[in-house]
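Before we start, here is the structure in question, set down as structure tokens.
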Amino acid sequence: MRHKQTRSFTPMILAIMAMIAILLGMGSKTSPTHKSALATTVMPQQKSVATPLELNQSYLLDVLRTHPKKEVSEVLWQKIAARDLRVRGLDDPSASGRFRPTPIMDSHGNLIKLMGTLHVPLALIDRARRGEPSNKSYLQFVLLHESVHYEQIASGRFSSEVILNPSTSLEECVAGWNLEREAYYRECQFAMSIGQDSIIRSYCSTLEPEAFDQNLYKVLRQDRTDNCSTFWEAELQK
Ligand SMILES: [Zn+2]
């Protein structure tokens, strides 16, 4: 997916201001994303309460808009400005980021448009906002990783089911591996290009395919709730 690189200055500023206004508005009436969000009672809407989430989102928008990679600063940013993608803070300290796709399909099952939500950990945004360079770089890695997932599904190369639900078949385990491998690999290439790969040494110590796969397997098996890790291990030993 490619977007025009030539944009006039004034509409861009207006779009940025509109986006900030929209996101500040959403932040004031929306709780941080939580696993049990659907089960909780809806609280009465509060007016004019400045929460840390609002500040973080303004900062996060800036990081998105000025990201060194076009996949983020152009593709993701334009989707956010067009309100096809929403940005939400994630209050799970163990998470690194998440893209939840909402594909819009026609009656034949063809993808018309990919919408969705980009979840970014609040704790990570806070650390990066305090000016810690390694945390800002890590935030940039996370955003690039999720932009790869966006492209994978928007292009039709992967089904949104692979990212949404634990895999139920070997075919899905293969797709799940390929989807994550591509995102982590691109993350590592970027980290190496800016000399910051030591931040994510556990999976970016090498791009040599076999060693990279072994390192990645150790990372991915940690939070799988399906049986894919067993399958992946068997495949890696072949
Ligand atoms: Zn991923």
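Please work out how much length the chain gains when fully extended from Val174 to Glu132, using 0.36 nm per residue of separation minus the C-alpha to C-alpha distance, in nm with one decimal.
Result for the pair: 11.4 nm of gain on full extension.
Determine the distance separating the Cα centre of segment 150-166 from the Cα centre of segment 100-127; give it in Å without decimals.
10
Can you tell me how much longer the chain between Ala234 and Ser94 gets when fully stretched, taken as 0.36 nm per residue apart minus their C-alpha distance, in nm with one decimal?
Extra length available between Ala234 and Ser94 comes to 47.7 nm.
If segment 120-211 were replaced by its equivalent ellipsoid, with semi-axes equal to the square roots of 5 times the Cα gyration tensor eigenvalues, what would those be, largest first, whole Å?
26, 17, 11
Step by step: find N for segment 73-177, compute 2.2 N^0.38 Å, then divide the Cα radius of gyration by it. What's the final number?
Cα Rg divided by the expected 2.2 N^0.38 Å: 1.16.
Now for a different question. What's the ranking of 101-109, 73-81 by average number of surrounding C-beta atoms within 10 Å, highest first?
The most tightly packed comes first, giving 73-81, 101-109.
Read-outs: derived from the displayed coordinates by stated rules, not from any lab. Remember, it's a predicted structure, so these values are computed and weren't measured experimentally. Every residue, glycine among them, receives a Cβ derived from its backbone with ideal geometry; neighbour counts consider all protein chains shown.
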